[in-house]
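Right, one structure below, let's go through it.
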Ligand SMILES: Cc1cc2nc3c(=O)[nH]c(=O)nc-3n(C[C@H](O)[C@H](O)[C@H](O)COP(=O)(O)O)c2cc1C
């Protein structure tokens, strides 16, 4: 084989090599209003006008149960300051623990939807679910973005590398920083 050739690799390796992925905290609520926040790597913008975003959520997640009860969510972009809490949101389940209390996260009221906005985020996109579709082992929720909030004094948010750690990318400085 010459050194320009590619060989078959495992899908697990391919997904890891495709990183870094932007890493967001998606907030949801159950019918009683109890909030949760899940770490999500599988999300993408899917429409410019109206603005829409899609997230992939596995049925085992507590957030999935919340989204089936209340089809609204907020996509929060955590800053480096929130990295410890952000990692906990991706590794513990809201079925057992109140992630806001356990990780000192501030739940601010959102304007257009019931799930809260996480205080100190770079941005928060408030969404209502307008479509959903099962994709193998995840469910894709497409949300229309009803409100876009942000803090323009900040410029860094988190990305996951190999699903093993988070780094921050500073968009003004164009640098990647270990968190
Ligand atoms: C870097 C990273 C990315 C993740 N991306 C997703 C994702 O896109 N979809 C998903 O369903 N779970 C994803 N997870 C796993 C969930 O965040 C994790 O299972 C979490 O504990 C679920 O919380 P919940 O049960 O409170 O909803 C990711 C975890 C990490 C660490």
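Computed from the coordinates by the stated procedures, all read-outs in this text should not be read as laboratory data. Just so it is clear, the structure is predicted and the values come from calculations on it, not from any experiment. Quick reminder, even Gly has a Cβ in these numbers, built from the backbone with ideal geometry, and neighbours come from all protein chains shown.
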How high is the FRET efficiency from residue 134 to residue 171, r the C-beta distance, R0 35 Å, rounded to 0.05?
0.55
Placing one identical point scatterer on every Cα of the range 1-61 and ignoring solvent, what is log10 I(q)/I(0) from the Debye formula at q = 0.12, 0.14, 0.23 Å⁻¹?
-0.51, -0.64, -1.09
What value, in deg cm²/dmol to 500, does the helix sum -39500 (n - 2.57) over DSSP H runs of n ≥ 4 give at 222 nm once divided by the residues of the chain?
-4000 deg cm²/dmol
Taking 1 over the mean of 1/r across every pair of different Cα atoms in the range 22-154, what Kirkwood radius in Å do you get?
14.4 Å
What shape does the range 26-98 take by its C-alpha gyration tensor, where a ≥ b ≥ c are the square roots of the eigenvalues and a/c under 1.5 counts as rounded, a/b above b/c as prolate, and the rest as oblate?
oblate
More than 14 Å apart: what percent of Cα pairs in the range 74-141 qualify?
65 percent
Over the range 109-163, what relative contact order in percent results from Cα pairs under 8 Å that are six or more residues apart?
33 percent
Calculate the FRET efficiency for residue 81 and residue 34 from the Cβ-Cβ distance with a Förster distance of 22 Å, rounded to the nearest 0.05.
0.30
Spin-label pair residue 60/residue 106, simplified geometry with 7 Å Cα→Cβ offset, distance in nm
3.5 nm
For the range 89-179, the percent of all C-alpha pairs falling in each 10 Å bin, from 0 up to the bin holding the max distance, is 13, 31, 45, 11
The range 22-154, relative contact order [Cα under 8 Å, separation at least 6], %:
28 percent
Restricting to Cα pairs below 8 Å that are 6+ residues apart, what does the relative contact order work out to for the range 1-54? Please round to a whole percent.
21 percent
